[in-house]
Amino acid sequence: MRLVMDTVEEEFVEIPIPIPSSTSSSSMAKRPCPSQNPRMELENLLYQFLSLSDRPSLSLDLSFENLLQSMPPDTDLIDRALKMGSLLLDAAKHSSRKRASNHNSIVWPLPPDLTFKIFSMLDTQSLCYVSAACSFFSKCAKDPLCYENLDLTTLVPKVNNAVVATMIQRAGKALRSLKLGVVPATACSPGFCQPMVSTIRKAIVEAPNFSWNDKRSRQGRESSVLTRCCLSPLSGDGGAPGALLRKLHLYNIERMDSTSLCGALSACPSLLDLEIVGIHVELRQTLMSVSANCHLIERLFFESSRTGRDDSLKAQTCSELVNNCPNLTSLSLRGFKLHDCKVRILVKGFRKLKYVDFSSSYSITGNFLRNLGNCNGGNLLEVLILRDCMHLKEMEVIRFLTAILAGDFKLLMHLDISNREGLACEADWYHRCYSSNSNMPIKQVLEARPDMRLVAEYPSEGSYAETFDAEMNSDISLQFSSPTSDGSIFMSTSESSYNSDHGSGNEEGQDAVIYGESSDEDNNMNL
């Protein structure tokens, strides 16, 4: 640096620099003697150096060339000049941004507290865009209240662990809601029956307005994939981020496991709303963790990533959940093997339960509906969804509708008993019943309860075996013809529901043998 400064002084000798009129004696009097302060000396020298910008470029080129010729051949003057120019450019950019930020803070008409309030009402993606607009907005957007409700869901994998950690760290103890993962483009709002389970590959292929080159480049990109450690920041800083968290929604995080999820739930004692979709975790362990840590839970939504294959739930787990989480009002367990005895414990046990969704459950026959309207738990139901429960029997549905006609379930406003394969017969569940030959009192119920919405959609009359074989053949042909499908999850409802246990429809008296139930669970079948 000293060599560069000396060189500049030599250049001043060769090319006199005219001092502007503004730098008169009165102006120079404001500048202290350079020898008094090294920083002032550097500033004065920098001021004189920048005054060279008024000189013609050709004159500066010639002077610099003459200087190089007077130096030894191995001099690094050119590198030092380039470095000096780079430092000046960075300093100029920084000062320009700082001046622009100061200007924006002066002309911005809103007070800081109102600005924070407006920014906190933005969604997470819009907040990131705003913070990148200018330094002033970036400072305002770093307020923890702006990150109170984090929504990091995407149609394709774009968010990684580092982004999640940064957002949670900015929110700190102000974090109240966290949504994370990949939501399919065709997914509807939570609470409806359309499955939201997806995979990374499927989400990339089906994403709208996404070029094929981007799809290919993102496949297998590790930096855009959430791992099992993505929720670990909730336990950081002494557990402050997760201490007051009210809502946690997780969608299709393929690398999440039961241990990581349970660890995250242990850091969220104030959780009220938990939604888990398409994550490879066990139902029993998850409910045990909820029962042990989330005593204030009011809504629980859990959709299995492996339809009809998770048979881990035990009666004791159901009882513990009922006892430890008495405030539950909404329960959705979709795509699991649920026995009537366990479902009865849940529905009758929760005294405040209003919303129930057991769609695509493999083993439910409807036996748990008997005398349900006489208890405090079942009689408060407002929504009951049993859509596509493969073993749901027609006779049990008829009994339930008859109970409604008799005056039970007076608060029930929505009932969905649709089944794409038809309802199972009483004697043989392979034989399916359809609406055309059904004796269900649907019209009578609609006439007696005009305020209730009853959904009962069934296929046209036909042989179940023929329908099953046709769908199986169609699935097989599609699997071999579609190079982009994921073979691990590409199966129809029939295939995923029936290829596990063809011999049982949860027939009473056989559960202990077929499903390996313990003796206490077998006794609960008679409840």
> In terms of the Cα gyration tensor, with a ≥ b ≥ c the square roots of its eigenvalues, is the stretch 233-292 rounded because a/c is under 1.5, prolate because a/b exceeds b/c, or oblate?
Replying inline: prolate
>> List the residues, sorted by chain then number, that are 5 or more residues from PHE302 or on another chain and whose placed amide H is less than 5 Å from its amide H.
In response: ILE276, SER332, LEU333, ARG334
>> Given Cβ point charges of +1 (Lys, Arg) and -1 (Asp, Glu) and nothing else, what value in debye, to the nearest 20, does the dipole of the stretch 307-424 about its Cα centre take?
In response: 240
>> If you wrap a convex hull around the alpha carbons of the stretch 58-189, what volume per residue comes out, as a whole number of Å³?
In response: 210
> Which pairs, out of LYS117/LYS352; LYS348/LYS410; LYS173/LYS314; LYS348/LYS393; LYS98/LYS247; LYS247/LYS443, put more than 28 Å between their alpha-carbon atoms?
Replying inline: LYS117/LYS352; LYS173/LYS314; LYS98/LYS247; LYS247/LYS443
> Accessible area, 1.4 Å probe, largest first: how do LYS342, LYS142, LYS314, LYS443 sort?
Replying inline: LYS443, LYS142, LYS314, LYS342
>> If DNA, RNA and ligands are ignored and the probe is 1.4 Å, what is the ranking of ILE168, ILE398 by accessible area, most exposed first?
In response: ILE398, ILE168
> Within straight cross-link reach of LYS83, meaning Cα distance under 20 Å, which lysines are found once same-chain residues fewer than 8 apart are removed?
Replying inline: LYS93
> In whole Hz, what ³J(HN,Hα) sequence does the stretch 443-454 give by Karplus (6.51, -1.76, 1.60; θ = phi - 60°), x for Gly and Pro?
Replying inline: 5, 5, 5, 5, 6, 6, 10, x, 7, 9, 9, 10
> Using +1 on the beta carbon of Lys and Arg, -1 on that of Asp and Glu, and nothing else charged, what's the dipole of the stretch 281-338 about the Cα centre, debye to 20?
Replying inline: 160
> So how do ASP76, ASP311 rank on accessible area, 1.4 Å probe, biggest first, that is with the largest at the start?
Replying inline: ASP76, ASP311
>> Explain nothing, just compute: Karplus ³J(HN,Hα) = 6.51 cos²θ - 1.76 cosθ + 1.60, θ = phi - 60°, for every residue of the stretch 39-50 in order, whole Hz, x for Gly and Pro.
In response: 5, 5, 5, 5, 5, 5, 5, 5, 5, 5, 5, 5
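Compute the Cα gyration tensor for the stretch 273-429, then decide on rounded, prolate or oblate, letting a ≥ b ≥ c be the square roots of its eigenvalues: rounded whenever a/c is under 1.5, prolate when a/b is larger than b/c in the other cases, and oblate in all that remain.
Oblate shape, in that a/c is at least 1.5 and b/c is the bigger or equal ratio.
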>> Using amide H atoms built in the peptide plane, which far-off residues or other-chain residues are under 5 Å from ILE364 H to H?
In response: LEU338, HIS391
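In square angstrom, what is the accessible area per residue of the stretch 295-404 with a 1.4 angstrom probe?
Accessible area per residue: 29 Å².
The values are calculated or read from the model by the stated rules, or taken from the named source; none is laboratory data. Bear in mind that the values here come from a model prediction, so they are computed numbers and not experimental data. FYI the Cβ positions are ideal-geometry reconstructions off the backbone, even for glycines, and counts take in every protein chain you see. Accessible surface is based on the protein model in full, side chains and every heavy atom, while ligands, DNA and RNA are left aside. Shrake-Rupley method; radii C 1.70, N 1.55, O 1.52, S 1.80 Å.
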